[in-house]
Each structure stands twice: as structure tokens, then as C-alpha cells.
1. For the stretch A:232-244, what are the residues that are more than 14 Å from chain B (Cβ to nearest Cβ) and either closer than 16 Å to residue A:276 by Cα or outside any loop (DSSP other than H, G, I, E, B) (or both)?
2. Just checking, does the stretch A:355-366 include any residue being touching an Asp or Glu at 6+ places or on another chain (Cβ under 6 Å) and of a type in the set (Phe, Trp, Tyr)?
3. Residues being closer than 19 Å to residue A:20 by Cα and more than 8 Å from every other protein chain (Cβ to nearest Cβ): count how many of those fall in the stretch B:173-188.
4. For the stretch B:194-237, what are the residues that are assigned to a helix (DSSP H, G or I), within 11 Å of chain A (Cβ to nearest Cβ) and under 43 Å from the mean Cα position of the chain (by Cα)?
5. Between a first residue in the stretch A:138-165 that is under 19 Å from residue A:184 (Cβ atoms) and a second residue that is part of a loop (DSSP other than H, G, I, E, B) and basic (Lys, Arg), which pairs have beta carbons less than 6 Å apart while being 6 or more apart in sequence or on different chains?
6. Filter the stretch A:220-250 down to the residues that are within 24 Å of residue A:172 (Cβ to Cβ) and surrounded by 14 or more Cβ atoms within 10 Å (Cβ to Cβ) and list them by number.
7. Any residue at all in the stretch A:163-174 that's in a loop (DSSP other than H, G, I, E, B) and within 13 Å of chain B (Cβ to nearest Cβ)?
8. Keeping to the stretch A:406-446, report how many residues are assigned to a strand (DSSP E or B) and either surrounded by 13 or more Cβ atoms within 10 Å (Cβ to Cβ) or not small (Gly, Ala, Ser) (or both).
Amino acid sequence: MGEFKVHRVRFFNYVPSGIRCVAYNNQSNRLAVSRTDGTVEVYNLSANYFQEKFFPGHESRATEALCWAEGQRLFSAGLNGEIMEYDLQALNIKYAVDAFGGPIWSMAASPSGSQLLVGCEDGSVKLFQITPDKIQFERNFDRQKSRILSLSWHPSGTHIAAGSIDYISVFDVKSGSAVHKMIVDRQYMGVSKRKCIVWGVAFLSDGTVISVDSAGKVQFWDSATGTLVKSHLIANADVQSIAVAEQEDSFVVGTAEGTVFHFQLVPVTSNSSEKQWVRTKPFQHHTHDVRTVAHSPTALISGGTDTHLVIRPLMEKVEVKNYDAALRKITFPHRRLISCSKKRQLLLFQFAHHLELWRLGSTVATGKNGDTLPLSKNADHLLHLKTKGPENIICSCISPCGSWIAYSTVSRFFLYRLNYEHDNISLKRVSKMPPFLRSALQILFSEDSTKLFVASNQGALHIVQLSGGSFKHLHAFQPQSGTVEAMCLLAVSSDGNWLAASGTSAGVHVYNVKQLKLHCTVPAYNFPVTAMAIAPNTNNLVIAHSDQQVFEYSIPDKQYTDWSRTVQKQGFHHLWLQRDTPITHISFHPKRPMHILLHDAYMFCIIDKSLPLPNDKTLLYNPFPPTNESDVVRRRTAHAFKISKIYKPLLFMDLLDERTLVAVERPLDDIIAQLPPPIKKKKFGT
Amino acid sequence: MVQLRPRASRAPASAEAMVDEGQPASEEEEAEHGLLLGQPSSGAAAEPLEEDEEGDDEFDDEAPEELTFASAQAEAREEERRVRETVRRDKTLLKEKRKRREELFIEQKKRKLLPDTILEKLTTASQTNVKKSPGKVKEVNLQKKNEDCEKGNDSKKVKVQKVQSVSQNKSYLAVRLKDQDLRDSRQAAAQAFIHNSLYGPGTNRTTVNKFLSLANKRLPVKKAAVQFLNNAWGIQKKQNAKRFKRRWMVRKMKTKK
């Protein structure tokens, strides 16, 4: 493989925002996740839990509720008082309707999917009718005294339970009047000065209302009589979320201490027909508040302030007990936030509202394998570029020569020119962007930095020629058939002839840049593409998919390469297919055409195409072979996949030149150190 | 007019003295009463009474002053004039002050408003619009136009084109401050509520430092607690120390050689 000097970078101060709401859609097995900065991400749970779409956030948007309605329509409501619908095909926000009730705290879609209920700050519950292209205000229910923090529909659609501060009201949908008002105790068996906030309610079809509140109680109420049936004290802190399964035989609650409890309806004795709700399983996968939970038919999904998305399949619901039934924790982003300029050794970090440009340090020392070399020159923070406006940055890129920076938000596209004089840099913005260059899903510069490729969210692909300080629009490839995906990836060959774009469900399109026409299309695969790159001399396109399959396609020959066919015939090693995190970057060695370097969050791998492939019996993760072992043994155990887990968690890894690698790590403790404070837990002996 | 003053310390001859002095006192009082017509008599009477009490002891033997009516009248008139003049001066001063303040306010208001050119353009544009739809209010019109302007270049209404000619290079959005303030304050109040209920007083929260140290304390090999460094502390001191070290090294090298 060779010897490399590795730049271990830990100054990328990436802190993801906490998860605020989660909504599970049963028909398409998709999960919509909304974060505290306003970003909404859609995960495809059947495609190996891959994030396939996302809507960038906005500073003024503080989403408090998210729900799916009939026909795969996604709605969100927040503290700015507006209900927004997201267009999953065009990847933008369709419209925002002001509910005129102040900040919106909760939202629920009716079981039929045609009506939307919204609970506002002023205590009013508003009913909206979902029309094919918009939502229409229908009427107000009886106004309550304090803010409505949680809502739940009865499965038949006739009644509604609304949780507020210190009480729960049950409304009749037809008349809109409050039928019952159930007062919640402020503390389990006691008195307290602090008001009891009912964070979640759930309405079951037998008329039971389940409420979770800030005193740590889970209470069962009978909605016909408006009385308390049972009360469980499960935590010392708030219980912040509740989700009921569709069959109504189990529900899950999340607490502020990070524990998730599973309640199930079990018969009282083994052969009796009477059933009762019993708290069966506690799960401690979070360290901070669990602000939202969801219950899919086979798994419990939870997310909270500690930014992890945890999906826990329930063993009794899973049919086949294989690796699919393991715990999934999604912490790191599924797309690349870092771009690298190899010539000048610069790294561009993308944050939500600013970009940072760093120059890597250098060292003059040498050492042997495993040594840490002292830096003679520290890494330099060259530029801190803040974006104008409240919108989040979608994508950014720096050109390989280091003189152009481009980034895009939802409404604007920014292009900057950098000048380097000795040790200083100066920045100049290229004004007057053309109108079609508005919001880009992916930006890429060509290897010689003369061309800029922009994939816009309407599906078109633009080629812009850069020269000096100005640009000229060369060509726009119109969208092909198939729906546009948000994980649009671009790859350009190093000679500048070929451009590969994966943005549609029709497969990866390869365009001829010199002749400006479509060259070929790689056949569509049912799992989304997570990373793509074109090899320098052979012009082979290497594609990695979310189910950990890696394909190699030869662009000049318009067919899969022989090596790729061999790999597909034999299949990957089972441990390779069981990796949790998707491959986010692929790169190549300039002098060794048989090597492919790829990485995911917990490992990086160099695939040597000249060595034999491993079968399921061989060891996939080879440690460094000790030198005193005989050559024969080493040759027998050597296989094509050289995997190293030294640097983790990896956000980015690339080859700077023949003997240098750069690895950007983000230790989990550094993220935890910047999160809001957790609940105090008293441990014995401390 | 004759006021009897009680003289407890005096001998029986005091009654005579009182009668004698009553007259000059009354003369003075009369004159003074003639002078100070507008003022309440009690005030006027109080002063000369007190003065005369002490004065009478000394000027017991001397004859009272003789004042002609004319001179007294002249004095009184002068006093009056003086008083009136001071009043007038005060009034004019106040007026001037008020004027200056008004001007200052007008200037400040002017500074706050948009420059005249833009206002002219806006008013002319709105007038033409008003001609088209006479029923609308100007304010509402302005707001609507600005909303159209915000929607972007895609809409093909004639109104929008007019607005585009007004705002050539700039793209701005005009909203009523009253509405925006209300919305912002409500959102801020809502966020404060959430923050208070989750992280406010009464919640059992611990710091990140303690949270990370807890794990260290429970390990089989106990480690020290986590400490956060503040790199921004004492930057100047560190820089000075660095500079001093460099200079000292150079000096050391020189002396060694």
C-alpha cells in the first residue's frame, strides 16, 4: 500500500443540531426528522437507513411539530406561527400558511389523512382541511386558557385530546366544544409549585387517553367519564414524548434523562382475556433529553438533544433475526461537508451559517510507522465567511487550485475569488449571478479549475466557464426522466472530459463535457448512491450505494469493468455489508491505478484490485501483519480490502499527494461538550 | 389696618409705645399695601411685621421716615415693571427653547425617513396605482406592492413591473414594523417558555463538565475529572511571554558567541 504521512485534523468544530420531531410514514417506510435549526431530513428506512432527501433550515423557523398526511404529504408547524408543506418531488417548500394563533406548539393529522389539527399559543385548536394543492382553514374549536402543547386524534376521528398546562381537554370534533377537562396532578402523590406541563397525549380506540407530563408520570384517563384510571411514575424528570403503535398493543415514551421506555398490553394472567399496560423494557441509548419518539411496526425510533437518531428494532416483531435487527445509531452526516484543495493544502469546512477555510500545517520531521511527528508550522485559520441572510448553506466547494469558493443557499448562489499574496489572502465576490443559478444541490469544480458544474434543484445541470474574475454560462443539461433526488452527487474526470451526475431515480448519467451531450447512463439500482468518483487515467466511474455495494463502470466502454463483474459474482464479505455508515468519499492514487481509497465514518479502506477478493471465511479486518511471520502466511491472508480503523470517527479522508493523506476526525466527546446541559443523575459512589 | 402686636417683655409703658408705633407701622403698611396690589395681604403683612418688631427696638426714639405718595407710587410702578419684564423674558426664553426642540425633532425625523428621491418615486408610483384602483388605501397599496416585489421576478403583473422600475438595483422588503414586532415578541416569549420549563429554575440540570466527569469516576481505574481549557484566557500575557522568550534566546545566543 505504501507509506503515508497523515494529517490528523481535529479542528473542524462540527456540532449537529438536536432532533426536535420525528414522523414515521408506514406506507413508504420513510422517516422525516426535523432538527432545531429548521432542517428537515427524510430517511429511507428500507435503503439501509440512508438520508435521501433534506430541506435546509432557516433561522426564524423553529419547528415544533411534523406530520405526514394522506398521499405522502409532509407538513410542519413551528413557533413562527406558520404551517409549511414540503414538496418532496421538487425539494422545496411549497407554501407556508399563517395560522393566526401565535406560535404553533403541536400538530396532528386526522386518521383519514384529510384534516389537520393545530394547537396554538393562545389556547385555540384550529382545524384545517387538506385540499389537493393547499390547506384551507375550516374552523376553531373552543378556546382554552393556556397553550395547547400536544394533540391526538381518536382513531375514528370523532374526538380529540389536547394536553395543556395542568390539564387535558377532550373535544368533540363535530361541535368543537370541550367535552371533558381533566386536571393533572402537579406531582405524583404530592404538591408542587411548578406547573405540570403535559408534553404528550395519545388517544386509543377504546377511549383511553394516555398522557405524559413534566412530573415524570404516565397517566391513563378514561375519556368517557373524564377520570384518572392509572398513574405510573417512571422518571424523576420530564417525560417528553409518546408514540403508540398502529395495533395499539404497545407504546413508547421518552424521558429527559435519555431513557426510552416501552409499554406493552399484556394479559393479566397467562390465559385470561383481561389485559393491562405494563412497562416492559427500558432503553438507555441517549445521554440528553429524548424529545421525540416514533413507533414503526417493527422498531422504536427516538431522537433528542444529543443529536443521535436511534432506531431499535424490537426482537419480537422482527421476522428474520439477522443483522437487520441490530441497533442503528445515526450520528454523523450522510453527505460530505468538507472539500479540499490539493495544490494549496486547504480545507473548506461547511457549517450551517458560515464557511471556514484552513490551511494544513506542515512538518519537517520524519519517523517510522506509528510515530506522531511534531508540527513545525501550525494549521492556519485563513477565512471565516459568514453567509448573508437567515438561510442555511446547502452545499459548498473549493476549486482544486484554491482560488474559487462557491456555495449556495435556498435562494442565492455565491461565488468568490481568492487571491493569495505571500501569506495573506484576499476575497472578492463575483456579483451578478444569473437568475437560473439560484439554489444548487451540488457544486463541483473541474480539475483545472476552469469550469464550474452546478446541479440545481429543478433537475438541470449547468456548466459555467470561469476565467479570470468572471464567468460565462456554457450549457445547461435539462433534467432527464425520473424524480429528482436531493442526494445529487457530481463527479468529474481529471482530464475534464466526462461528468457523472446521480440525481434522478433513472440511474447515473454520464455527460461528455467537450461535446456537451449525454454519453451514457449507468443502469438504475434500487438503492441510492452515496459516493461517486472517476479514476484519473482509466476513466472508470466508481459508485458506492447505500447497501454498501461498490460498482465500477468504464465510461469509454460503456459497460461494467471485469473487476466489478467478478466482485458482483462473488459478492462482498458479510462484514463489509454489515457496516452501519455509508461511504461518503472515494478517491484515487495518481500513480497506482489499481488502488481505490474509500471511507465511511468508522473505517477507511484501500481496495487493491490486483489482489484476490476475500470470501466469507477469511478475516476481513486484517491487522498489521507482524514482520516475523513468514511470507507464505502473509500471502495467503492478503486480500484486496485493506481496512484500517485507526482514525475514527472520520468525517473526511483524502489523498493530498502521493505520500500524504488527510483525515478529518470528530470525536464524539467534543460534540457532547457543546450540547445543552443534561439532567443530573446521581450515581452511587460519586 | 391697625394691628396690635403682643409685647409680653415690655413694661406698662408698652401700651403707649404700641399706640405710638402703631401709626408709623400702619403708614408703612398702607404704602406697601398700595404697592403690592396683586399679592395676598397676609404675605405682605407678615414681613413688615417681623421687620418692624426688631426695628422698633432700635428706632424707638427716631421719627419715622417720610415718604411722599408720588415717590412711593413711582417705586411701586418700577417694581411692577421689573416684575413684568422678568416674566416676559422668561416666557420668551421658554418659547425659544420649545422652538429649538421642535426643530431638533423635525430634523431627527427627517433623518429617519428615506431620502427624498425614493419617497418621491414611491409616492408617484402609488399615485398612478391609486388612479387605477381608486378604492384602495395608499398604505395598503404600498404594502401590497412591496409584497409583490418580494415575490420575485417571476410574476408577470403590470404592477410589479412598475415597482421594479422604482427599485432598480436594490431588493428590499417593506413590512409593517408593528406586525413584525408582535410576531417576534410572541416567538421570543414562546422560546423563553420552553427554555424555562426545560432548563430554568427547578429543573435538575447538571453541567457538561460534571456529566463527562461522572463516567471517569466510575471507571475501574478512576481517572481525574474532565477540565475544560479556556484558550482565550490571558492572550496578551501569553503573547508577551512568547516575545520575551524570543528576545532572551537571541540575547543568549549573542552573549555565547
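The values are calculated or read from the model by the stated rules, or taken from the named source; none is laboratory data. Only a predicted model underlies this, so the values are computations on that prediction, with no experimental measurement involved. Because the Cβ atoms are built from the backbone with ideal geometry, glycine has one as well, and the counts that use them run over all protein chains shown.
1. Those that are more than 14 Å from chain B (Cβ to nearest Cβ) and either closer than 16 Å to residue A:276 by Cα or outside any loop (DSSP other than H, G, I, E, B) (or both): A:232, A:233, A:242, A:243, A:244.
2. no
3. Qualifying residue count, the stretch B:173-188: 1.
4. Listed by number, the residues that qualify are B:194, B:195, B:196, B:197, B:198, B:199.
5. Pairs found: A:165/A:195.
6. Hits for the stretch A:220-250 are A:220, A:221, A:222, A:223, A:226, A:228, A:242, A:244, A:248.
7. Among the residues of the stretch A:163-174, at least one is in a loop (DSSP other than H, G, I, E, B) and within 13 Å of chain B (Cβ to nearest Cβ), which makes the answer yes.
8. Of the residues in that region, 23 qualify.
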